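One structure below.
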Amino acid sequence: MFRYRVLILFILLIASLPSVAAAERYRFIPAEPQQVERIAPVTLAEPIYKVVPPALQTRLINILGQQRPASGNERGDVKRTEVFVGLSGTIERVTGLDLSGLSRLGSEACAVTFLKGNPSRLVVAANSDYGLSSGLQRLDEYVDNSNGNRTISISRLLDYPSFPIRGVIEGFYGRPWSEQERIEMLHFMGRTRLNYYFWAPKAVPSHRDEWRRPHSNEELASFRILLDKAESQKIHLVYGIAPGKSICYSSREDYNALLNKVKSVLHLGIFNIALLMDDISWELKNKNDKRSFGTLGKAQVALVQRLHADLKKLHPGIRLFFCPTKYFGTEPEKSDYLVTIGKGLPADMEIFWTGTRVYSPSITQADAVRIGNVLGRKPLYWDNFPVNDYISSRLHLGPLFNRQNGLERCSAGLVMNAMNQAEASKIALYTAASYLWNSKTYIAGTAWQKSLEEIGGTEALPFLEEIAVRLSGSAHWPEGYSRDLAARLDRLQNDYNAGNAEQAVFEADVWLACLLRNSARLRQSIDNRQLMDELSPLLERLEKAAHLCRQVLPLYLSTGKMDKQYQARIKEASVNMSDRPKLICPDIKTMENFIKETTIRFIRP
Ligand code: GDL
C-alpha cells in the first residue's frame, strides 16, 4: 500500500513539473521581447559550450543540457551545437559577429541568435551581466525540451526594456509598508524587472513632518538591509526626503540639517536621492525667504543647485531626483513656477510629473512633449496608480490602462505610486512592469491575466479574476468592473413596478449566489495568504452585502405580510451598513443602496 502511495506521489510530482516550469517562465520578463524572428521548431544537437561565463554554466545546462565528453569512437561528422555566451565585446572577438546594434541599446539589452543563420552555432550576447541573465531567460522561453528532443523556435531575438526607469514609489499617505513588505516588494520587482524603488512614505516622520530629525540607528539599519536586497535584485534604491512643509530656504541651519540627513544615507551607499516638494504651500512664509528669493520656484532652485553642487563634490556618481510643487496640469507652459524649475535645475536631474491630472486617466506622448519642453528634459512620470490613499475603501486591482505605446520616446521613465496594501498592489504593478518592458506589445487584459495567476496562483485564477473586478472600480480602469449587477437590480425594480419581478428576482439571486460561491472558492484555493488578508476587509463587506441582498430579494415576490423577526434582522443589518465609508467599490455600493432602498420600500423605517 505504502509503495503504491509513494508511486502515486511520484507520478503526481512528475506530472506537476511542466506546469511549475511554465509558471516560472513568465516570472522573469513579464513581456514579449522587442524583436523576435520565430521559426518552425528546429532540433538542437547536443551542446558544446565554447564560451560560457562560469557563473552561468549551471543555468545554461538546465536549458540546453550537459555537454557530453566526446567519446573516442565518435565520428567527426557527429553534429553538435556550439554555444557562445558572454558580453558583447568577447563574443564579437570570438565569433566575428557584429554586435554594434546591441551595444547601442543600453546596459540591459541582450541578443540570442544563430551565427550566420546556422542553428548549430548558437549565440547569447549582452552588454552586462543583467542583460546576460535576460538573454538566458529568453533562451529558456524558446527552447522546448518536453519531448526529450530539444528544439528552438526562434532564429534571432533582440531584447531591451522600453523604459530605462521602471519603478515603484512608496510615495503614498497613510500606513507605510513594513520592512518585510519592502523586502518582498524588492524581490517581486527583481523578478518582474522593475529597476527603481523610491523610499518616500509620507507618514514616516523622519521623511516629511520631522525631516530635520536625524535617522535613528534602527532606521539606518533598515536602509542597509533594503539596500542589500535592492542591489541583489539589481534595483536602484532611491532615498526620498520631503522638507517642503517647514523648510526655511534661507536658513543655514536648515540647509545643514538637510545635507546631513542626506549624508547619513550616503554613508550607507545610497547614492540616489529624491527631494520631494509635492503637496506643500505655494507661499513662501518666511520673511527672509521672501526677501531673498521672491518666489517658491526661485527658492527651490537655489536649494537644489546648492545641494546638487555639494553632493557632486562628495561623489560625482550621486543622482538627484526632484518632485516639483506643481506636478500635474494641462498647460504647464503657463506656469512661471515650472519654467523657473525647468531652467534652474541642473540638466542631469530627473523631474517628476504625474500627467494632466494627479490621477491621470491617460498618459500620452503629447503630454510628455509639452511638459518636457517646459522642463528642458524628458519628464519622469510619477504615475498615481494603483495608489488608493485618497479612497482607502477601494482597492485598485485592475491592470495599467491608457499609458500610450511609445511614451518612452518622450519620457525618462515611469514609476508607480502603490497602495498601502503592498501585496495587492503587485497585481497592478505586474501589468505596469509588462508595459514598461515592452510598451509596443502591451495588452492590458493579457498582462492582467498573467498577473493574477502569478500573484494568486493558477488554481485561484478564475475566482480572483471575478473578485478583483468586484472589489475594484477606478477611473484608471474604465472597462474594469462590469455594470451588470447595477443593470440587473434596476431591471428588477422596473419589473416589480410593472407587476412581475419573478424572473428578475430569480436571475439576481443566481448572480449573487455565484458571486458568493466564487468568493468562498477564492478563500479555499488561494495560496497567497498575505493577499487574502489584504482583500479580506473589503471582501467581507462584499459578502455581507451579497447575503443581505439575497435575503431582501423575496420581498419583491410577496406583497403579503412579513415575518417580524425577519423584518427586524434586515432593518438592523441595513442600519449597521449606513455608517460605513461611502466611497466604496461600485458593486458594494450598488448592493448596499439596493438593500437600503428595499428596506425603505417594504419595511418602513
Ligand atoms: C498626490 C501625492 C501622493 C499621493 C497621491 C494620491 C504626488 C506627487 N503626490 O498628489 O503622495 O499618494 O496624490 O493621493 O502625486
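A few remarks follow.
- Listed by chain and number, the lysines whose alpha-carbon sits under 27 Å from that of Lys261, ignoring those within fewer than 8 places in the same chain, are Lys202, Lys229, Lys234, Lys245, Lys285, Lys287, Lys290, Lys298, Lys312, Lys313, Lys326, Lys343.
- Placed amide H near Thr81: partners under 5 Å, 5+ positions off or other chain: Ala45, Glu46, Ile48
- For the chain, with +1 on Lys and Arg beta carbons and -1 on Asp and Glu, the positive-most of Leu259, Pro462, Ala573 along the dipole: Leu259
- Lys, Arg +1 and Asp, Glu -1 on Cβ, resulting dipole of region 30-145 about Cα centre, debye, nearest 20: 300
- Among the protein heavy atoms, those of Tyr239 account for about 0 Å² of accessible surface (1.4 Å probe, every chain in place).
- For the chain, calculated [θ]222 nm from helices alone, where every DSSP H run of n ≥ 4 adds -39500 (n - 2.57): -15500 deg cm²/dmol
- When you count the other C-beta atoms within 10 angstrom of each residue and take the mean per peptide, 517-526, 565-574, 242-251 line up highest first as 242-251, 517-526, 565-574.
- Peptide packing for 286-299, 459-472 was compared via the average number of neighbouring C-beta atoms within 10 Å per residue; ordered from the highest value, the list is 459-472, 286-299.
- For a straight C-alpha distance cut-off of 22 angstrom, the lysines reachable from Lys50 (same-chain residues fewer than eight places away being disregarded) are Lys79, Lys116.
- Farthest towards the positive end of the charge dipole of region 484-602, among the residues Ala513, Phe594, Ala486, is the Cα of Phe594, using unit charges on the Cβ of Lys, Arg, Asp and Glu.
- Charge tally for Leu258 (other residues, Cβ to Cβ under 14 Å; Lys, Arg +1; Asp, Glu -1): +4.
- Solvent-accessible area assigned to carbon and sulfur over region 484-602 amounts to 51 percent, based on a 1.4 Å probe.
- Per-residue ³J(HN,Hα) for region 198-204, Karplus 6.51 cos²θ - 1.76 cosθ + 1.60, θ = phi - 60°, Hz, x for Gly and Pro: 9, 8, 7, x, 4, 7, 7
- Karplus (6.51, -1.76, 1.60) ³J(HN,Hα), θ = phi - 60°, over region 106-121, in Hz, Gly and Pro reported as x: x, 5, 8, 6, 8, 9, 10, 7, 7, 6, 6, x, 9, x, 8, 9
- Annotation: amide H-H contacts under 5 Å for Val52 (H modelled 1.01 Å from N, sequence separation of 5 or more, or interchain): Val85.
- Take each peptide in 535-541, 317-323, count the other Cβ atoms within 10 Å of every residue, and average; sorted highest first, the result is 317-323, 535-541.
- Sparsely packed loop sites in region 170-252 (the GluC sites (Glu not before Pro) outside DSSP H, G, I, E and B with at most 16 other Cβ atoms within 10 Å) comprise Glu210.
- Centre-to-centre, using Cα atoms only, region 27-64 and region 416-448 are separated by 26 Å.
- Options Leu60, His396, Thr356, ranked by Cα towards positive dipole end of the chain, top entry (Cβ charges): Thr356
- Cα centre as origin, Lys/Arg/Asp/Glu Cβ charges: region 484-602 dipole, Debye: 300
- Sequence of Thr58, Thr113 from largest to smallest accessible area, 1.4 Å probe: Thr58, Thr113
- Three-way shape call for the chain based on the alpha-carbon gyration tensor, with the a/c threshold at 1.5: oblate
- When +1 charges are put on Lys and Arg Cβ atoms and -1 charges on Asp and Glu Cβ atoms, the dipole computed for the chain relative to its Cα centre reaches about 740 debye.
- For region 371-387, putting each phi into the Karplus relation 6.51 cos²θ - 1.76 cosθ + 1.60 with θ = phi - 60° gives couplings of 6, x, 5, 6, 7, x, 6, 5, x, 9, 6, 9, 8, 7, 8, x, 3 Hz, in residue order, rounded to whole numbers and with x for Gly and Pro.
- Centre-to-centre separation between the Cα atoms of region 327-353 and those of region 491-518: 54 Å.
- At full extension, Asn500 and Arg517 could sit 3.4 nm farther apart than now, given 0.36 nm per residue minus the alpha carbon distance.
- For the chain, the solvent-accessible area of protein heavy atoms averages 45 Å² per residue (probe radius 1.4 Å; ligands and nucleic acids excluded).
The values are calculated or read from the model by the stated rules, or taken from the named source; none is laboratory data. No experiment lies behind these values; they were computed from the predicted model shown. A quick note on method: Cβ atoms are made from the backbone with ideal geometry, for glycine too, and the neighbour counts reach across all protein chains shown. Accessible surface areas use protein heavy atoms only, side chains included; no ligands, DNA or RNA. Shrake-Rupley method; radii C 1.70, N 1.55, O 1.52, S 1.80 Å.
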